[in-house]
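Student: Okay, here's the structure, questions in a sec.
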Amino acid sequence: MPNEVERIRALCLALPGVTEKLSHGEPTWFVKKSFVMFADHHHDDRLAFWCACTPEMQQAMIAAEPAKFFKPPYVGVRGWLGVYLDVPVDWDEVGDIVRQAYLLIAPKKLADQVT
């Protein structure tokens, strides 16, 4: 797998209580429930990851930067956000997006440990 999966893995596993498993053939990170899923050309020819997001934030991010963000299949209707990794990537921004996804899903006890 490309270096991008290692970077996403490091961001996810740095958060409290996170585990990694394969889901639908892709590395997926869980904190009780999934919050980030890698998408190595999973449904198209694009490299990306999908993550938990609020529907409002999903819409705003896609509207602001459609070359970077998209509504992923299946989970997009629940507000999940797709983030392309085959474009220039701001890894600080990706870290913030992963952290926000975690905070949406993590139990309060674990979320409270994130600064």
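The values are calculated or read from the model by the stated rules, or taken from the named source; none is laboratory data. None of these values were measured; they are calculated from a predicted model. Glycine also receives a Cβ, built like all others from the backbone with ideal geometry; neighbour counts cover every protein chain displayed.
Student: Checking the condition over 18 Å from Tyr84 (Cα atoms) and modelled with pLDDT of 95 or more, which residue from Val31, Val36 passes?
Tutor: Val31
Student: If Thr115 meets every condition in (1) without any contact (Cβ under 8 Å) to a residue 40 or more places away in the chain; (2) in a strand (DSSP E or B); (3) among the polar types (S, T, N, Q) apart from one, which number is that one?
Tutor: Just one mismatch for Thr115, condition (2).
Student: Answer yes or no as to whether Val94 is closer than 22 Å to Glu6 by Cα and touching a helix residue (DSSP H, G or I) at 6+ places or on another chain (Cβ under 6 Å).
Tutor: no
Student: Starting from residues that are out of contact with any strand residue (DSSP E or B) (no Cβ under 6 Å at 6 or more places or on another chain) and among the hydrophobic types (A, V, I, L, M, F, W, C), keep the ones in the stretch 76-96 and report whichever is farthest from Trp29 (Cα to Cα). Steps first, please.
Tutor: So the first thing to find is which residues in the stretch 76-96 are out of contact with any strand residue (DSSP E or B) (no Cβ under 6 Å at 6 or more places or on another chain), and the list is 76-79, 87-96.
Pick out the ones that are also among the hydrophobic types (A, V, I, L, M, F, W, C) and you get 77, 87, 89, 91, 94.
Working: Val77: 20, Val87: 22, Val89: 20, Trp91: 18, Val94: 15 Å.
Out of the qualifying residues, it is Val87.
Student: Inside the stretch 62-115, can you point out the residues that are of a type in the set (Asp, Glu) and modelled with pLDDT of 95 or more?
Tutor: Hits for the stretch 62-115 are Glu65, Asp90, Asp92, Glu93, Asp96, Asp112.
Student: Quick one: what pairs do we get from the stretch 24-46, first residue within 30 Å of Lys108 (Cα to Cα), second part of a loop (DSSP other than H, G, I, E, B) and of a type in the set (Lys, Arg), C-beta under 8 Å, 6+ apart or different chains?
Tutor: Ala39/Arg46
Student: I'd like to check which strands (runs of 3 or more DSSP E) are fully inside the stretch 1-112 and have at least 1 residues that are surrounded by fewer than 18 Cβ atoms within 10 Å (Cβ to Cβ).
Tutor: In the stretch 1-112, 19-23, 26-31, 33-40 are the strands (runs of 3 or more DSSP E) which contain 1 or more residues that are surrounded by fewer than 18 Cβ atoms within 10 Å (Cβ to Cβ).
Student: Would you point out the residue of the stretch 78-115, among those that are of a type in the set (Lys, Arg) and over 11 Å from the mean Cα position of the chain (by Cα), that is nearest to Gln59 (Cα to Cα)?
Tutor: Arg78
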